[in-house]
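Below is one structure, written out as structure tokens; the observations come after it.
The values are calculated or read from the model by the stated rules, or taken from the named source; none is laboratory data. What you see is a predicted model; the values in this text were computed from it and never measured. Cβ placement follows ideal geometry from the backbone for every residue including glycine, while neighbour counts extend to all protein chains displayed.
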Amino acid sequence: MTRPVLALAMALCAAGAFAQEPPHERAQPGAVRRLAIVAGANDGGPSRPRLRYAISDAERVARVLQQMGGVAGEDTIVLLDPGEARLRAALEELRSRVKRARLGGRTEVLFYYSGHSDEEGLLLRGARVPYSELRRWLEDLGADIRIAILDSCSSGSFARGKGGARAAPFLVDASSRVSGQVILTSSSADEASQESDRVGASYFTHALVTGLRGAADSSQDGKVTLSEVYQFAFEETLARTERTRGGPQHAVWDIQLVGAGEVVLTDLRGTGATLVLPAAAAGRFFVRDSGERLVAELRKQAGRPLELALDPGGYRVSREDGGRLVEARVALTQGGRTELAAAGFAAVPRELTALRGDAVEELARVPVDLSIFPPVSLNGDRYVVNRLQLGLIGSRTTRLRGIGLAPVLWADEDVVGGFFSYIGSSARGRVTGVQVGMVANVAGSLRGVQLTQGLNLVRGDVVGWQHSGVSWAAGAVTGLQSALVSYSSSISGAQLALTSVSGEVLGAQVGLVNVGAGVRGVQLGLVNVAGHVRGAQLGLVNVADGLDGVSLGLVPFVRDGEHKLLVLGDENGILSTGLLLGSRTFHTILSAGAQRASGGGRFWTGLGLGAHHARGRFLLDVDLLSQQVVDEDANVLATARVLAGWQLTPYAAVVAGPSVSMFWAEGDFRPGLGGALERELGGGDAWLGFAAGLRLGPP
């Protein structure tokens with residue numbers, strides 16, 4: 001929640017555009033300095049259920065503020081599960097910073113809190129920080145803009161305190177500045193703020209973040225204003241909570257600002273990558289990154305395209321289609337605009353929510369379920385939690401906290417323990433433990449081990465080991481995935497298969513054919529295909545869009561790498577052409593040459609590796625090359641050479657340099673011509689030499 005909050009706050013403070021903030025303690029005259037406290041507290045005390053996402057909400061808000069909101073890292077105080085004393089100390093620390101910063105220019109302060117609260121104040125580990133104290137702190141700061149955003153239960157009581165009234169969103173021109181105080185809360189005074197396991201955060205914060213990333217840009221001018229994001233966040237939060245157990249949730253405003261100025265929260269035009277939802281696309285969309293973190297959620301109407309500013313990388317995009325979710329995969333590149341295209345599809349588990357104040361409704365507890373086939377079972381058609389499932393034909397549960405044994409098993413939600421089945425097992429939610437089946441295993445996400453002879457399918461992320469004839473993880477894999485054919489959105493570990501396909505790879509991808517959207521580690525196979533590689537590609541054929549590392553292969557093709565033709569003559573009288581393929585640092589050499597000799601001529605073919613360095617117009621190559629005479633047995637010439645060069649034009653460079661050669665032959669044949677440049681180094685099979693020629697190709 002913190003992310004949208006902070007971004008919103010800073011937007012309010014903006015007077016028409018993003019002011020650049022100096023990183024030092026004392027701002028330059030006329031500059032705007034933004035300072036923020038971002039707090040997330042899962043622990044509300046022994047009488048309150050522990051939250052799951054308040055801390056991650058705070059981390060996301062801090063990230064958005066620093067990426068898109070003009071808040072420097074050193075001006076952001078991030079508090080994760082703080083106690084009462086730590087929060088009060090942070091408030092005083094920020095007060096001191098504001099006092100010093102005011103000497104240099106305009107100051108704007110953002111306070112964000114995600115966690116437990118009640119009608120009287122914030123709840124931190126059982127202690128209460130009263131709303132009245134927070135209000136006094138805001139009013140006494142002396143900053144030009146003070147913004148407080150609370151994502152917690154009954155937080156509307158804070159906005160309902162003294163002074164001010166709920167104001168409508170506003171738009172004004174960019175001619176002058178605004179000043180004053182803004183309070184935004186995720187719920188009204190008598191409502192519960194809700195977080196969701198499906199989105200991995202609170203509804204309110206994700207609505208704000210999604211809006212700030214571009215979903216709220218109704219004017220399509222590349223900028224998100226306060227009125228746009230407020231309208232989007234209010235409607236999205238209400239729409240997402242109308243049918244939850246906690247009931248509808250209404251965001252509340254208390255705005256006391258004076259002056260005029262276009263309040264721009266985020267500028268989308270300078271972002272790293274853009275995801276485009278085409279004009280014809282419609283429905284509710286969920287966008288998750290390669291780590292399965294939800295970064296955007298929105299409802300889109302058909303008729304106009306929509307752009308979301310995101311970090312480069314792989315993403316899983318889900319769209320609600322009636323009563324189910326369908327999914328697509330997309331890879332975003334730095335500075336690129338990528339239009340969404342449908343890929344694989346899978347169902348998403350039914351959603352459960354937890355109230356930020358009350359416990360979740362309890363399910364019926366049935367320790368042992370004996371069933372022939374549902375509904376002929378002790379569970380009946382109730383929502384239940386089982387410790388043991390025993391089924392003759394099939395067995396169904398809502399949640400399993402133990403072991404399930406049957407030819408066919410399935411869980412409506414999650415499993416903690418193990419499923420052991422002959423035909424197959426399925427869990428719509430997370431499986432934590434072991435899932436073993438002869439034909440098929442299906443899970444929403446997996447933490448543990450999944451083994452089968454036929455098919456493994458995980459719609460979310462895998463933490464552990466997934467093994468099968470065919471393995472499929474629509475989310476990220478952290479651990480090991482081994483199969484004849486393996487697919488995942490991202491890998492942090494190892495992927496072993498005849499054919500391995502993944503989005504982002506962090507680790508090793510080993511197979512006959514490997515495909516990865518981006519690789520940080522190693523691709524090892526006969527054919528390797530990837531987007532950007534930071535590490536090594538080892539295979540016969542390597543293909544990459546970009547490479548920071550080494551590509552070792554017979555044909556290494558790097559789109560932004562080396563594609564050069566080397567034409568050389570050497571002291572052996574061999575005139576050769578070499579094709580240089582690889583990155584701009586390391587390359588493979590495929591060469592062919594001819595040499596005059598008594599009784600006709602000889603033809604040579606060769607293969608080698610080299611390193612390249614360029615500085616301005618000067619270049620330097622160090623190559624290792626092995627050449628063999630065509631139709632001659634065991635006549636091998638190995639050469640190490642250093643070529644220095646000068647770039648005459650963008651497409652041509654002249655190169656020359658010394659070499660050391662060694663030659664192995666069955667007979668008396670020797671390639672050298674003799675003369676001043678040739679020197680025997682021992683046994684007549686090694687000598688010093690020289691080569692010169694041209695290096696040709698696109699810059």
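Quickly run through region 449-467 and pick out the residues that are buried (at least 24 other Cβ atoms within 10 Å of the Cβ) and either without any contact (Cβ under 8 Å) to a residue 40 or more places away in the chain or in contact with a helix residue (DSSP H, G or I) (Cβ under 6 Å, 6 or more places away or on another chain) (or both).
Gln450, Thr452, Asn456, Val458, Val462, Gln466 - these are the residues of region 449-467 that are buried (at least 24 other Cβ atoms within 10 Å of the Cβ) and either without any contact (Cβ under 8 Å) to a residue 40 or more places away in the chain or in contact with a helix residue (DSSP H, G or I) (Cβ under 6 Å, 6 or more places away or on another chain) (or both).
So for region 40-56 (the condition being part of a helix (DSSP H, G or I), at pLDDT 50 or above and of a type in the set (Gly, Ala, Ser)), does at least one residue qualify?
Taking every residue of region 40-56 in turn, at least one turns out to be part of a helix (DSSP H, G or I), at pLDDT 50 or above and of a type in the set (Gly, Ala, Ser).
Could you tell me which of the residues Glu84, Glu93 is over 24 Å from Gly45 (Cβ atoms) and in the same structural domain as Thr185 (by TED's automatic domain parsing)?
Glu93
When you go through (1) touching a Gly at 6+ places or on another chain (Cβ under 8 Å); (2) more than 12 Å from Ile183 (Cα to Cα) one by one for Glu108, which number turns out not to apply?
Going through (1) touching a Gly at 6+ places or on another chain (Cβ under 8 Å); (2) more than 12 Å from Ile183 (Cα to Cα) one by one, Glu108 breaks only (1).
Do any strands (runs of 3 or more DSSP E) lying entirely in region 290-407 carry at least 2 residues that are surrounded by 17 or more Cβ atoms within 10 Å (Cβ to Cβ) and either at pLDDT 75 or above or within 23 Å of the chain's Cα centre (by Cα) (or both), and which ones are they? Spell out how you get there, then give the answer.
Values: elements: 294-300, 306-310, 313-321, 324-332, 337-339, 353-355, 364-373, 384-391, 394-397.
Ranges flagged: 294-300, 306-310, 313-321, 324-332, 364-373, 384-391, 394-397.
Might you let me know whether region 615-631 holds any residue that is modelled with pLDDT under 85, surrounded by fewer than 19 Cβ atoms within 10 Å (Cβ to Cβ) and under 20 Å from Thr577 (Cα atoms)? Even if it seems obvious, please write down each step before you answer.
Quick first cut of region 615-631, residues modelled with pLDDT under 85 only: 629-631.
Next, only the ones that are surrounded by fewer than 19 Cβ atoms within 10 Å (Cβ to Cβ) stay: 630-631.
Among the residues that remain, those that are also under 20 Å from Thr577 (Cα atoms) are: 630-631.
Yes, region 615-631 has at least one match.
Can you name the residue in region 227-268 that is acidic (Asp, Glu) and at pLDDT 75 or above and is also surrounded by the fewest Cβ atoms within 10 Å (Cβ to Cβ) among such residues? Break it down stepwise before answering.
Taking region 227-268 and keeping what is acidic (Asp, Glu), we get 228, 235-236, 242, 254, 262, 267.
Okay, now just the ones that are also at pLDDT 75 or above, so 228, 235-236.
Values: Glu228: 25, Glu235: 15, Glu236: 24.
Step by step, filter region 227-268, then rank; the result is Glu235.
Out of all the residues in region 632-643, which are at pLDDT below 90 and either within 42 Å of the chain's Cα centre (by Cα) or loosely packed, with under 15 Cβ neighbours inside 10 Å (or both)? Explain how you work it out, then say what you get.
Quick first cut of region 632-643, residues at pLDDT below 90 only: 632-638.
Residues satisfying the conditions are Asp633, Ala634.
I need the full set of residues from region 158-179 which are surrounded by 14 or more Cβ atoms within 10 Å (Cβ to Cβ), of a type in the set (Lys, Arg) and either modelled with pLDDT of 80 or more or more than 37 Å from the chain's Cα centre (by Cα) (or both), in order please.
Arg160
Considering (1) of a type in the set (S, T, N, Q); (2) at pLDDT 70 or above; (3) not in a strand (DSSP E or B), say which one Thr271 fails and leave the rest.
(2)
Of everything in region 439-453 that's modelled with pLDDT of 85 or more and either acidic (Asp, Glu) or more than 26 Å from the chain's Cα centre (by Cα) (or both), which residue is farthest from Gln481 (Cα to Cα)?
By that ranking, first place goes to Val439.
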